[in-house]
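*Asks:* Pasting a structure below so you can have a look.
No lab work stands behind these numbers, since they all come straight from the coordinates. Source: prediction; values computed, not measured. Positions of Cβ are generated from backbone atoms using ideal geometry, with glycine treated the same way; all protein chains shown enter the neighbour counts.
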Amino acid sequence: MEPQKWYRFLEIAAAGKGLVAIARLLAEVSGRPVVICDLTLRILASQVLPGNTIKLGDYLPVELPREAVEGAFYRGRLQDAGGELPFLMLTIGEVTLYGYLFLLDAGEDWEPYREPLKAAALAAMIEMSRSRITQEIERRYRNEFVQDILYNNLPNREAMVNRGHLWGWDLTRPHLLVILSLDRQGQQERDETLWERWRQLMHYHLKHQAPEIILADRSDQLIILIPVATDEAGVNKGKIAGLVKSLQKSTAAHLDGRTFSAGAGRFYENVTDLYRAYQEAKVALEISRLLRRRGVLTFFDELGVLRLIFNQGEQELEDYYEETLGAIQKYDAGHNTNLMETLATYLSASGDYNRAAEEMFIHVNTLRYRLKKIEELLGQDLRRIDVLVNLYTALQVKVMLGR
Amino acid sequence: MRLGFFLDLNRCLGCRACEGACQNWKGPGFPRRLVRAFAGQVRGRWQEYYLSLACNHCENPECFRVCPARTYNKRRDGIVLHNSGRCSGCNRCVRACPFGAPRYNLTTGKVEKCDLCVERIDNGLAPACVEACPVKALQVLQLDEGKELGERWVPGLADVNITQPTLRLKAPEEGEKFLLVG
Amino acid sequence: MARAGYLMLWGANPAWTAVHQMEYIYQARERGARLVVIDPVFTATAARADFYVQIKPGSDGALALGLARQLWQKGLVDNYYLENHVQGWPEWREYLAGLDPRELAAITGVQPELMARLAEEYAAGNPAAIWIGIGLQRHINGGQNIRAINTLAAMTGNMGREGGGVYYASPVAGDLFTTSWPGWMRPAGSERQIPVYDLARGLEEAGSPPVKMALLANANPLGQNATTQELHRALANLDLVVLSGQFLTVTARAADIFLPATTFLESWDVVPSYWHRWIGINEPAVPPRGECRSDIQMVSDLARVLNQMSPGSCPFPSGWTEEEWLEQVFNPEVYRLLGIDHYRDLLDGPRELKLPANPWAGGRFATPSGRYEIYSNRAAAAGLPSLPVYQPAAAGTEAYPYRLLTTHTSAGLNSQFYNLGYAPEPLALVNPRLARERGLGDGSPARLYNEWGEIIIPVVISELVPPQTILCHQQPLPGGQVINDLTPPLATDMGTITSGGPGIAYYDTFVNIVPV
């Protein structure tokens, strides 16, 4: 490629004309459609040539190619209504990855596009790193402010409300607080790129679906503040559940079926009390983690007895479990039965015989027989509420202890 | 940036210099740091070590959550502070902390707690306890995301799952042992 | 010590008793030094070691001989050093050759293969250092045992090497202040020594003239001497017992008159050490409280009154202030070594004596031959074997078969500092086999007794204590019991040259034990 064209790409980047201008120039030079995506494959800029019928949505529907054909160049095929479209892809950024540059409709004859693609990717990197820096600075200030609220570092309500105004937030209104954290897969180490992709995804999602929501992050957790108009728990919880559900959907769709766990604090009228909701949300999240739950939203005020037991020492919990369920475990181990599972299913079905039997694929009389066996082993009456509460708690302890 | 204590259980000798230094620096009352001995079976082996513990400046401080008087705050560097001006001495934090960090001072009627010698930290100095340690077992670390600097829990320490202390520990290592046959 | 390439702690437990030294040990380890602990008890230091070897108490010399024999047999000795800086190598070699390794293994409980391994590791240490604990000499054969260990450093040329050699208490710094004392400190012909290891009988049997009065200072003999029950009776038989001190110790309670002495916060003093070469000055922070006086004031005043009653009867100076005493104590040699002209210069901070950091550098020794003397005529003249041959350790009897070890805790020093309340619960630690033999239950009280006394104390069963041994850390016992009630009046084999007389063989105490 002639040096002037390199020069033109860099000129666009230097002048800050934006990704669209870069895409347009590349399309012009190559005569092919061009798409620039972020790490979640959300389309940031695209240039389709006149006469071309490709329909692009918000996200580019491709699987990221895994093997490079040469250097940072990848080739793949775009699934389109009109069939398969070959493309050439180049990563934007090397050490820090910013996104991907796609040249569509580029088949075996890709060689001539190497130089323009490289120039365009470089220009895009300059553009994206610049806006990343701006975003990062904003994010840092926003995080610091939100954390100053949540860690009680501001002197009074007035200071919070006034500073909130600078951000366009009305902190005189009550806010619900939810925290989110990606579920790890097995013993996996923390994955920076994944976290970054997820954070950006959630940020984008909220910005478009619910711009009034405040988003901040700390360590590997996202903090969400939802302004609400009422103190009615049912309405508010429904609102949180709805939001979490849509965020789960988006996460699963764009991050290979990944899930996150969420914890929600109680409702507080005043912004000065939000710090408690924050701590509560974190406790709810940690307890759901201890119970090895995944993809679940946990409300602090629904933890109930679990809140009381998590403070107990491991030995106390072991003893409690042994005393309450030890006999059943021993019987199961000695007779190759599954009374423990039966009991757990029965309780999680809230004592509904038919539902429990169905879940276990057994006849309802088999279930009755097993429950009778359990009563015999424990010497306790499963119709008594105190017995059920104990067994339920012990089953939770069992999960916590990883038994 | 988050600050946290680091304790090397191989190095700590339980000499209590940290306790004494804390009391000297913070004045009369009780030291905000206590050295406890641990002895017991760990994965089938007998182990003995000392846990020198103060406030763990938790990521999820329970003291902070349960205080009805907004007495606590957590600085941007992670230091959890107790503002005694607001403290009514209700002792909820004393009961809530799994590590016994906040303690009730009978003479002032308020709770006191390790503040990581915040006035020294802000002047670029190490906390009094760290400075006093003769074997460099106790240090202050900067915890960065995604980098593990030691164990989060060892036997003898209360549960860390909920509160997520910033304390990091180096677990004891064991050498070869030849005992007389009795 | 931080420069050691191999570090053998022999009967030393610095993790509890010399915390300040642990940093240097850690530094050595971080540079790759291997840390080996030899001790009858698995101590807090042993728990931090790379390798721990348990031996039978009092058999240290036999283990040293086993290692020495291995060094010689495997050719791991430094021949140049032996030829040029050591006296008695041929005699020593001959003695080693005659030893039976199996016999040494039986004495120590350490198998020959383990001895071979230790010897090889030690010889490969570059350089290798040995730290001998003070407790090692508390045996009737303790001096010989230490001499035997010392030969290892001489045989391998480690003696005098930087980062190597042998560490033990050094009297040098303290002696600098006393060597130039004038005659009146020890008037000729007026001195009579009563051995410390048998103070009770010494007081009772002293005739011409008999002892009628005791003035005790800086001491708690009813807590820390041997046969404390007998000593109690001996002191009670005196006409007058005066004690100057700061705490109501068991001895203070038994005294007729208690004189409150100043603490270091109230008086001037000079602070040398047996472990380093630094000299500090102690400046009082406050004037003496109440009626407190320093020991030197008390003795000066006593001298004054004696001379009033009988002029010229006491040459000890009276009327000097504490600071005037310091003027006397700081002699020109001390000033030269410190590089100052007045003790007040030390108020800016302690200073290091300009003594060689390594006293045996270049293989020169302050012995008659100028060499390291494995074969020592001075030892022979003092009635000891010329060579550090093994002298059998003390053994129990049928009536009192178990050895009682009384080592220090981390919370105090002898009977001091326990007022701070850091002491762990007093316990008797016994080996499982002993517990089985005597029907002792974990946590239940037991009676320890011998011909000198008895105490009652809870038992803890521990594999970390050697067989046939009971470990009671030195600390106050419940009900005012004193552990040294059980200590017999046995003398150590050495100590006359550096300490003016043999010490007490505390660790050769044998007892019996029964459940209560």
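*Asks:* Which whole-number percentage describes the relative contact order of chain B, with Cα contacts under 8 Å and a sequence gap of 6 or more?
*Replies:* Numbers: 346 pairs, mean separation 58.9, N = 182.
It comes to 32 percent, rounded to a whole number.
*Asks:* How big is the Cα convex hull of the range A:3-130 in projection, averaged over all directions, in nm²? It would help to have the intermediate numbers written out before the result.
*Replies:* Numbers: hull surface 30.1 nm².
Approximately 7.5 nm², given one-decimal rounding.
*Asks:* Rg (Å, one decimal) plus Dmax (Å, integer) for the alpha carbons of the range A:309-401?
*Replies:* When restricted to the Cα atoms of the range A:309-401, Rg and Dmax are 13.1, 40 Å.
*Asks:* Sticking with this one: Mean-square fluctuation check for chain A, GNM, Cα pairs under 10 Å: which of A:Arg66, A:Arg24, A:Arg258 is largest?
*Replies:* A:Arg66
*Asks:* Next question. Indicate the helices, whole DSSP H runs only, in chain A that combine a mean Kyte-Doolittle hydropathy of 1.0 or more with a Cα extent along their long axis of 20 angstrom or more.
*Replies:* Going by DSSP H runs, the hits are A:385-401.
*Asks:* For the range C:68-78, just list the computed ³J(HN,Hα) in residue order, Karplus coefficients 6.51, -1.76 and 1.60, θ = phi - 60°, integers in Hz, with x standing in for Gly and Pro.
*Replies:* Residue by residue, the range C:68-78 yields 4, 5, 4, 4, 5, 5, 8, x, 9, 8, 9 Hz.
*Asks:* So, one more: Please list A:207-219, C:257-269, A:229-241, C:447-459 highest first by mean number of surrounding beta-carbon atoms within 10 Å per residue.
*Replies:* Put in order of decreasing packing, that is C:447-459, C:257-269, A:207-219, A:229-241.
*Asks:* Where the Cα atoms of the range B:2-170 are projected onto their three principal axes, how long is each span, largest first, in whole Å?
*Replies:* Here the spans come out as 46, 33, 31 Å, largest first.
*Asks:* Then there's this: Are there trypsin sites (Lys or Arg not before Pro) in the range C:1-83 that DSSP puts in a loop and that have at most 12 other Cβ atoms within 10 Å, and which ones?
*Replies:* C:Arg31, C:Lys74
*Asks:* Let me ask something additional. To the nearest 10 degrees, how steeply does helix B:17-26 sit against the main Cα axis of chain B, on a 0 to 90 scale?
*Replies:* That works out to roughly 10 degrees.
*Asks:* Within 15 Å, Cβ to Cβ, of C:Ala200, how many net charges do the neighbouring residues add up to if Lys/Arg are +1 and Asp/Glu are -1?
*Replies:* -4
*Asks:* Continuing with this model, one more query. Taking a cut-off of 30 Å between Cα atoms, list the lysines near B:Lys177, but don't count ones fewer than 8 places away on the same chain.
*Replies:* By straight Cα distance, B:Lys177 reaches B:Lys136, C:Lys56, C:Lys74.
*Asks:* Next question. Per residue of C:42-55, how many C-beta atoms from partner chains lie within 10 Å of its own C-beta, taken as a mean? Don't skip to the answer; put the middle values down first.
*Replies:* Details: counts 4, 0, 5, 1, 2, 10, 9, 4, 4, 4, 6, 5, 5, 2.
Per residue, the number of nearby Cβ atoms from other chains is 4 on average.
*Asks:* Can you give me the Rg/Rh ratio for chain C, using Cα atoms for both radii and the Kirkwood formula for Rh?
*Replies:* Rg divided by Rh gives 0.97.
*Asks:* Okay, next question. Using DSSP, restrict attention to beta bridges with both residues in chain C and report what percent are antiparallel, rounded to the nearest 5.
*Replies:* Once the DSSP bridges in chain C are tallied, antiparallel ones form about 40 percent.
*Asks:* Follow-up question, since we're still on this one. Please give the Cα centre distance for the range B:83-143 versus the range C:22-38, rounded to the nearest Å.
*Replies:* Computed from Cα coordinates, the inter-centre distance equals 33 Å.
*Asks:* A:Lys118: which lysines have alpha carbons under 30 Å from its alpha carbon, excluding same-chain residues fewer than 8 sequence positions away?
*Replies:* A:Lys5, A:Lys17, A:Lys55
*Asks:* Can you tell me the order of C:171-183, C:116-128 when each peptide is scored by its average per-residue count of other Cβ atoms within 10 angstrom, highest first?
*Replies:* Per-residue Cβ counts within 10 Å, averaged per peptide and sorted highest first, yield C:116-128, C:171-183.
*Asks:* Now for a different question. Roughly speaking, what is the centre-to-centre gap between the range C:458-485 and the range C:308-354 when only Cα atoms are used, to the nearest Å?
*Replies:* 43
*Asks:* Considering the dipole of the range A:309-401 built from charges on the beta carbon (Lys and Arg +1, Asp and Glu -1) around the Cα centre, which of A:Asn390, A:Gly351, A:His363 is farthest to its positive end?
*Replies:* Most positive-ward Cα: A:His363.
*Asks:* Quick check: net charge around C:Gly32, other residues with Cβ under 14 Å of its Cβ, Lys/Arg +1 and Asp/Glu -1? List each step's numbers first, then the result.
*Replies:* Values: positive: C:Arg3, C:Arg29, C:Arg31, C:Arg34; negative: C:Glu30, C:Asp50, C:Glu121.
That works out to +1.
*Asks:* Work out the charge dipole of the range C:402-515 with +1 on the Cβ of Lys and Arg and -1 on the Cβ of Asp and Glu about the Cα centre, then indicate which of C:Asn450, C:Val511, C:Ile461 is farthest towards its positive end.
*Replies:* My answer, from the dipole projection, is C:Ile461.
*Asks:* What does the structure give for B:155-163 when I average, per residue, the other chain Cβ atoms found within 10 Å of the residue Cβ? Walk me through the intermediate numbers first.
*Replies:* Values: counts 1, 0, 0, 3, 7, 1, 7, 12, 4.
Mean number of neighbouring Cβ atoms from other chains: 4.
*Asks:* Tell me which trypsin sites (Lys or Arg not before Pro) from the range B:119-182 have a DSSP coil assignment and no more than 10 other beta carbons within 10 Å of their own.
*Replies:* Counting only loop positions with at most 10 other Cβ atoms within 10 Å, the trypsin sites (Lys or Arg not before Pro) in the range B:119-182 are B:Lys147.
*Asks:* A further question on this structure: Mind checking which lysines have their Cα closer than 22 Å to the Cα of A:Lys373? Skip sequence neighbours fewer than 8 apart in that chain.
*Replies:* Excluding near neighbours in sequence, the set is A:Lys330, A:Lys398.
*Asks:* Within 10 Å of each Cβ in B:10-16, how many Cβ atoms from other chains are there, averaged over the peptide?
*Replies:* For peptide B:10-16, the averaged partner shielding equals 6.
*Asks:* Could you let me know the centre-to-centre spacing of the range A:271-332 and the range B:47-66, using Cα atoms, in angstrom?
*Replies:* 19
*Asks:* Here's a follow-up. From the P(r) of the protein assembly as shown, can you give the percent of Cα pairs sitting at distances over 40 Å?
*Replies:* Across the protein assembly as shown, Cα pairs with separations above 40 Å total 63 percent.
*Asks:* What residues qualify as long-range amide H neighbours of B:Arg168, i.e. H under 5 Å apart, gap of 5 or more or another chain, H built at 1.01 Å from N?
*Replies:* For B:Arg168, the qualifying residues are B:Phe5, B:Phe6, B:Leu7.
*Asks:* Further question: Within the range A:278-297, list the residues whose amide N lies under 18 Å from a label point set 7 Å along Cα→Cβ of A:Trp167.
*Replies:* What the label zone holds, given the 18 Å backbone N cut-off, is A:278-282.
*Asks:* Using each residue's phi in the range C:129-136, evaluate 6.51 cos²θ - 1.76 cosθ + 1.60 at θ = phi - 60° and report the 3J(HN,Hα) Karplus result to the nearest Hz, with x for Gly and Pro.
*Replies:* Listing the rounded values in order: 10, 10, 10, 9, x, 5, x, 4 Hz.
*Asks:* Another question, if that's okay. May I ask for the Rg/Rh ratio of the range C:352-414, computed from Cα atoms with Rh as the Kirkwood radius, given to two decimals?
*Replies:* Details: Rg = 19.3 Å, Rh = 16.5 Å.
We get a ratio of 1.17 for the range C:352-414.
*Asks:* Hey, another quick one. How many nm separate the modelled label positions at C:Tyr24 and A:Asn336, each set 7 Å beyond the Cα in the direction of the Cβ?
*Replies:* About 6.8 nm, to one decimal.
*Asks:* With a 10 Å Cβ neighbour count serving as the proxy for reagent exposure, in which order, fewest first, do A:Arg190, C:Arg351 appear? Kindly include the intermediate steps, with their values, before the conclusion.
*Replies:* Working: A:Arg190 14, C:Arg351 17.
The most exposed by this proxy come first: A:Arg190, C:Arg351.
*Asks:* In deg cm²/dmol and to the nearest 500, what is the mean residue ellipticity at 222 nm of chain C if only DSSP H runs of at least 4 residues count, each as -39500 (n - 2.57), divided by the residue total?
*Replies:* Numbers: 19 runs with 159 residues, N = 516.
Result for chain C: -8500 deg cm²/dmol, rounded to the nearest 500.
*Asks:* Moving on to the next point. Provide A:Met128, C:Met298, C:Met8, C:Met213 in ascending order of the number of other Cβ atoms located within 10 Å of each residue's Cβ, fewest first.
*Replies:* Placing the least packed residue first, the sequence is C:Met213, C:Met298, A:Met128, C:Met8.
*Asks:* Antiparallel versus total DSSP beta bridges in the protein assembly as shown: what percent is that, nearest 5?
*Replies:* Working: 89 of 134 bridges.
Bridges in the protein assembly as shown that DSSP calls antiparallel: roughly 65 percent.
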